[in-house]
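Let me begin by presenting the structure, written as structure tokens, before commenting on it.
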Amino acid sequence: MDYVIGIDIGTQSTKALLCDAGGKIVAQHSSAYHPDTPQPAWAEQWPVVWLDAVIECLSGCVASARAARGGFDAKAVRAICTGRSVPAQLALESGMACGFGACFGCVVPTVDGYVRLCVEGPVLDAAELAGASSVGSSAGAELPGAFRR
């Protein structure tokens, strides 16, 4: 049987659902977290918090499915669909080289072409990075029959 996992990354928690090809929920898991508030009216979250939560949720769904179905094989998951409701800016200063854009060592691909972090960055909106907008849309073509749009 084919399965799909849906993951929702939010400001307070990450949630995952494992569904079979008929749309029945087989397992679910969530991982809560809180934004850091270093100053009044500020909110920050490190991307590793989201990554750890996604890994926990995926592992939790697989473990629950194995316990409930006895011998669930994670290789039967045909697609992982993600969504995020968190506007994110990514600080990419570790990729900066000369500091003024002359060496082009800090170039990153975006949806509008390449940018030099030394000049246009180092903080970019996550949706501007090349590939960021295709994560959710391309997954639909790979879903098993019941999940295709």
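Checking each residue in segment 1-29 for being hydrophobic (A, V, I, L, M, F, W, C) and without any contact (Cβ under 8 Å) to a residue 12 or more places away in the chain picks out only I25.
Taking the criterion of being of a type in the set (V, I, T) and surrounded by 20 or more Cβ atoms within 10 Å (Cβ to Cβ), the residues of segment 8-25 that qualify are I9, T14. Just to be sure, is A141 within 30 Å of G23 (Cβ to Cβ) and at pLDDT below 75? So A141 fits the description; yes.
Contact annotation: residue pairs with Cβ atoms under 7 Å, 6 or more positions apart or on different chains, pairing a residue in segment 56-80 that is assigned to a helix (DSSP H, G or I) with a partner that is loosely packed, with under 14 Cβ neighbours inside 10 Å, are A76/M1. Looking only at segment 16-56, residues that are charged (D, E, K, R), farther than 20 Å from F72 by Cα and at pLDDT 85 or above come to 2 in all. Looking across segment 35-59 at every residue that is touching a Ser or Thr at 6+ places or on another chain (Cβ under 7 Å) and within 12 Å of I7 (Cβ to Cβ), the one that is surrounded by the most Cβ atoms within 10 Å (Cβ to Cβ) is identified as C57. Residue pairs whose Cβ atoms lie under 7 Å apart, sitting 6 or more positions apart in sequence or on different chains, and linking a residue in segment 32-43 that is among the aliphatic types (A, V, I, L, M) to a partner that is surrounded by 10 or more Cβ atoms within 10 Å (Cβ to Cβ) and part of a strand (DSSP E or B), are A32/S13. Residues that are of a type in the set (S, T, N, Q) and part of a strand (DSSP E or B) within segment 18-55 comprise Q28, S30, S31, listed in sequence order.
The values are calculated or read from the model by the stated rules, or taken from the named source; none is laboratory data. These figures come from a predicted structure and were not determined experimentally. A quick note on method: Cβ atoms are made from the backbone with ideal geometry, for glycine too, and the neighbour counts reach across all protein chains shown.
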